[in-house]
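Here's the structure we're looking at; comments come further down.
Where a number appears in this text, it was derived from the coordinates with a stated rule and is not lab data. Since the model is a prediction, treat every value here as computed from it, not as a measurement. Methodologically, a virtual Cβ is constructed for each residue, glycine included, from the backbone with ideal geometry; neighbour enumeration extends over all protein chains shown.
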Amino acid sequence: MVRRFYLPFAVSGNGQFLSDGAKIRSLFVVPEAAKRSFFYGINFELGYELPRFSSTPWALEIRPIIGVRNKEWEFIVNPIVDVSFGSRGEADFAPAVRLARNLGEDRFIGLEYYADFGKIGSFLPLQQQNQQLFAVADFKISKIDVELGAGYGFTTGSDRFTLKAILGYAFPVPKKGGEDDLSPSPLKMGTPSRSLQNAWALNPAN
């Protein structure tokens, strides 16, 4: 099991810094997933979002993980369910897919697809859905994991152009025998920030 804490934020087109609360993740994967050609698991993320980003601040993301890899390629599918709480809460289907080329030495380049179809049982019309494709690069600087990406939205319900950057550090976990476990997570995929179009609709004064 891997636990992670996030402090997400976004920067608008006019340079405004926008904090988006905090999130904590617990990742459960098959043992020695980083060494397997077929791996699977599930990730739970509990988050609190500020009102400018969501009318339902508390939410739980349930992210199943199904992946295959060889020495050169990695393919991961996440059929994600987002559950928001409160009077306006609902369960949304928001799948994600990653295809990446392994360049060796913890370096990857690839494509990531993110979507939000809307409420399960009552999907939004296509043009109102979030549909984005990102070109991404993953690499390490010393002990810091870096993921950079540029995304394009294909529908009016998507942000037209988005940049994302994720910096991560894996704190050593003591193992039996006194050695530290610094094994990488088998899932490098990071979720981009919630569409800023939602922020402006909820807080038009901005």
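Which entries in the list LYS35/LYS71; LYS71/LYS140; LYS23/LYS71; LYS71/LYS164; LYS140/LYS164 go over 21 Å, if you measure between the two C-alpha atoms of each? Could you put the intermediate results ahead of the total?
Working: LYS35/LYS71 10 Å; LYS71/LYS140 18 Å; LYS23/LYS71 32 Å; LYS71/LYS164 26 Å; LYS140/LYS164 16 Å.
Violating the 21 Å limit, Cα to Cα: LYS23/LYS71; LYS71/LYS164.
FRET efficiency for THR56 and ALA34, Cβ-Cβ distance as r, R0 = 25 Å, nearest 0.05?
So, using R0 = 25 Å, E works out to roughly 0.10.
Under 18 Å from the Cα of LYS143, which aspartates and glutamates turn up, not counting those fewer than eight places away in the same chain?
Correct list for LYS143: GLU105, ASP106, GLU179, ASP180, ASP181.
May I ask you to sort GLU74, GLU32 by Cβ crowding, counting other Cβ atoms within 10 Å and putting the fewest first?
Ordered by Cβ neighbours within 10 Å, fewest first: GLU32, GLU74.
Of PHE123, PHE93, PHE39, how do they rank once you tally other Cβ atoms within 10 Å and put the fewest first?
On the way: PHE123 14, PHE93 17, PHE39 21.
The most exposed by this proxy come first: PHE123, PHE93, PHE39.
Sticking with the crude label model, points 7 Å out along Cα→Cβ, report the distance from PHE85 to LEU7 in nm, one decimal please.
So the two model labels end up 2.3 nm from each other.
What length, rounded to one decimal in nm, is gained on full extension from ILE120 through to GLN16, with 0.36 nm per residue of separation minus their alpha-carbon distance? List each step's numbers first, then the result.
Working: separation 104, 0.36 × 104 = 37.44 nm, distance 3.31 nm.
Gain in length upon complete extension: 34.1 nm.
Take THR156 and ILE66, extend 7 Å from each Cα along the Cα→Cβ direction, and tell me the distance between the two endpoints in nm.
With each label point 7 Å from Cα toward Cβ, the separation is 3.4 nm.
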